[in-house]
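Asks: Below you will find the structure I want to go over with you.
The values are calculated or read from the model by the stated rules, or taken from the named source; none is laboratory data. These figures come from a predicted structure and were not determined experimentally. A quick note on method: Cβ atoms are made from the backbone with ideal geometry, for glycine too, and the neighbour counts reach across all protein chains shown. For accessibility, only protein heavy atoms count, side chains too; no ligands or nucleic acids. Shrake-Rupley method; radii C 1.70, N 1.55, O 1.52, S 1.80 Å.
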Amino acid sequence: MSDQREQDTKRRFQSGENYREGSGNLKAREGIFSYRRPQVDMPGMVIDRIGAEPKRILDVGCGSGRYLSRLREAFPGAEVIGVDLSPGMLDALPKPTVLADVCDLPFESGSADAVLAMHMLYHVPDLQTALDELERVLAPGGTLFTSTLASDDRPEYAALWRQATREALGAESEGPYRVVLDHFSQETAQAMLSERFASVRLHDLPGVIELPEPGPLVAAFRSTASFVDMEPGDFERVMAHIEADLERHFATEDLFRMTVHTGILECRDPRR
Ligand SMILES: C[S@@+](CC[C@H](N)C(=O)[O-])C[C@H]1O[C@@H](n2cnc3c(N)ncnc32)[C@H](O)[C@@H]1O
């Protein structure tokens, strides 16, 4: 990918554009995870690690609300607030929700017993300001949970995109996931958070996805259209090659296999 195209893809990835209309694109990307083995219950893992009787929990970048509903069920006495930059996301969610940027959280310092920032910090250009804010709103003794992708997440997915861009456009492009890994992978996250918190515990979640048909993967690629710096016609040509490559794959194989790798970072005891 040219430097300019990479910069433009990065800017789009961090603009919130892909989430403006609501949770459709996000749900398309999440669709492939119903085929993940082993299945992981990330909301359940977070719930098990929040201490007894929290008074306030913030889910920052709450998206389609898959943590919010579980948190509210598990902690009926707590105020569980969903925070997101995208009005389209919040429209569909039960209140309380707050429209806000992680870099400027409208909450008092030390007011939340648990703060979640799950699979969202890689969208944020100014990570240090975001981490300052997440740390600021955390109550003494509270826990920050973050999650992101490890640098060896889904190489097969990236390879399919590279091959299709080479075939369709004559030049290989890395695709939007490179932006995630360059900006805030599990490895970078661990290093950054260890500078801020005395205790950073990684719950490592490697796995495998075996798809029995191309549909969910094609939908996942399509959902990234607004991230990629590409003319709509070029995007369609790349998609046509992805569909043809997958059709060839399934002509001889029963499954399309991808290795997946994510994790949750549980952070306690801010150093400041
Ligand atoms: C990949 S989704 C993750 C949703 C949810 N946390 C999960 O793990 O299922 C990323 C979410 O972060 C939100 N987001 C992106 N940048 C943000 C920012 N600067 N402040 C708050 N939310 C943001 C997006 O609108 C989107 O809903």
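Asks: What does the C-alpha gyration tensor say about the overall shape of the chain? Classify as rounded when a/c is under 1.5, otherwise prolate if a/b is larger than b/c, or oblate. Don't jump to the answer; show the numbers that get you there.
Replies: On the way: a/c = 1.92, a/b = 1.73, b/c = 1.11.
It is prolate, given that a/c is not under 1.5 and a/b is the larger ratio.
Asks: Mind checking which lysines have their Cα closer than 30 Å to the Cα of residue 95? Skip sequence neighbours fewer than 8 apart in that chain.
Replies: Result set, ordered by chain and number: 27, 55.
Asks: Excluding ligands, DNA and RNA, what is the solvent-accessible area per residue of the range 118-247 at a probe of 1.4 Å, expressed in Å²?
Replies: On the way: 4960 Å² over 130 residues.
Heavy-atom accessible area per residue stands at 38 Å².
Asks: Each residue of the range 31-39 in order: what ³J(HN,Hα) in whole Hz does its phi give by Karplus 6.51 cos²θ - 1.76 cosθ + 1.60, θ = phi - 60°, with x for Gly and Pro?
Replies: Going residue by residue, I get x, 5, 6, 5, 9, 6, 10, x, 5 Hz, with x marking Gly and Pro.
Asks: For the range 201-271, which GluC sites (Glu not before Pro) are both in a DSSP coil and crowded by at most 15 other Cβ atoms within 10 Å? Spell out each step's value before the answer.
Replies: Numbers: sites: 210, 236, 243, 247, 253, 266; in loops: 253.
In loop regions of the range 201-271 (DSSP not H, G, I, E or B), the sparsely surrounded GluC sites (Glu not before Pro) are 253.
Asks: Then there's this: Over the range 190-232, what percent of the accessible surface lies on carbon and sulfur atoms, probe 1.4 Å?
Replies: Working: 950 of 1800 Å².
Carbon plus sulfur share of accessible area: 52 percent.
Asks: Would you mind telling me the antiparallel percentage of the DSSP bridges in the range 3-270, rounded to 5? Working shown, then result.
Replies: Working: 22 of 39 bridges.
Approximately 55 percent, going by the DSSP bridge assignments.
Asks: With charges set only on the Cβ (+1 for Lys and Arg, -1 for Asp and Glu), what does the dipole of the range 15-67 come to about its Cα centre, in debye to the nearest 20?
Replies: Values: 9 positive and 7 negative charges, 17 e Å.
Dipole size: approximately 80 debye.
Asks: Got a number for carbon plus sulfur as a percent of the range 51-156's accessible area, 1.4 Å probe?
Replies: After summing per-atom areas, the C and S share lands at 53 percent.
Asks: Using only alpha carbon pairs under 8 Å that are at least six residues apart, calculate the relative contact order of the range 3-270 and give it in whole percent.
Replies: Relative contact order, the range 3-270: 25 percent.
Asks: Whole number in Å², please: accessible area per residue of the range 5-79, 1.4 Å probe, ligands, DNA and RNA not counted. Working shown, then result.
Replies: Working: 3930 Å² over 75 residues.
The answer is 52 Å² per residue.
Asks: Considering the dipole of the range 121-226 built from charges on the beta carbon (Lys and Arg +1, Asp and Glu -1) around the Cα centre, which of 184, 170, 139 is farthest to its positive end?
Replies: Comparing the listed Cα positions along the dipole, 139 ranks first.
Asks: In debye, nearest 20, what is the charge dipole magnitude of the range 1-145 about its Cα centre with +1 on Lys and Arg Cβ and -1 on Asp and Glu Cβ, if you could check? The partial results should precede the final answer.
Replies: Numbers: 17 positive and 22 negative charges, 116 e Å.
About 560 debye.
Asks: Provide the FRET efficiency to the nearest 0.05 for the residue 247-residue 45 pair, computing r from the beta carbons and using R0 = 35 Å.
Replies: Details: r = 37 Å, r/R0 = 1.07.
Efficiency, from the Cβ-Cβ distance: 0.40.
Asks: Give the accessible area for residue 129 in Å² (nearest 10); use a 1.4 Å probe, count only protein heavy atoms, and leave out ligands, DNA and RNA.
Replies: Solvent-accessible area, nearest 10 Å²: 50 Å².
Asks: For residue 36 and residue 208 in one chain, what is 0.36 nm times their gap in residues minus the Cα-Cα distance, to one decimal in nm? Walk me through the numbers on the way to the answer.
Replies: Values: separation 172, 0.36 × 172 = 61.92 nm, distance 0.56 nm.
Full extension from residue 36 to residue 208 adds 61.4 nm.
Asks: Taking the Cα centre of the range 3-270 as origin, work out the dipole magnitude from +1 charges on Lys and Arg Cβ and -1 charges on Asp and Glu Cβ, in debye rounded to 20. Write down the numbers at each step before the final one.
Replies: Values: 28 positive and 45 negative charges, 103 e Å.
Around 500 debye, computed over the range 3-270.
Asks: How much mean residue ellipticity at 222 nm does the chain get from its helices, if each DSSP H run of length 4 or more adds -39500 (n - 2.57) and you divide by all residues, to the nearest 500 deg cm²/dmol?
Replies: -12500 deg cm²/dmol
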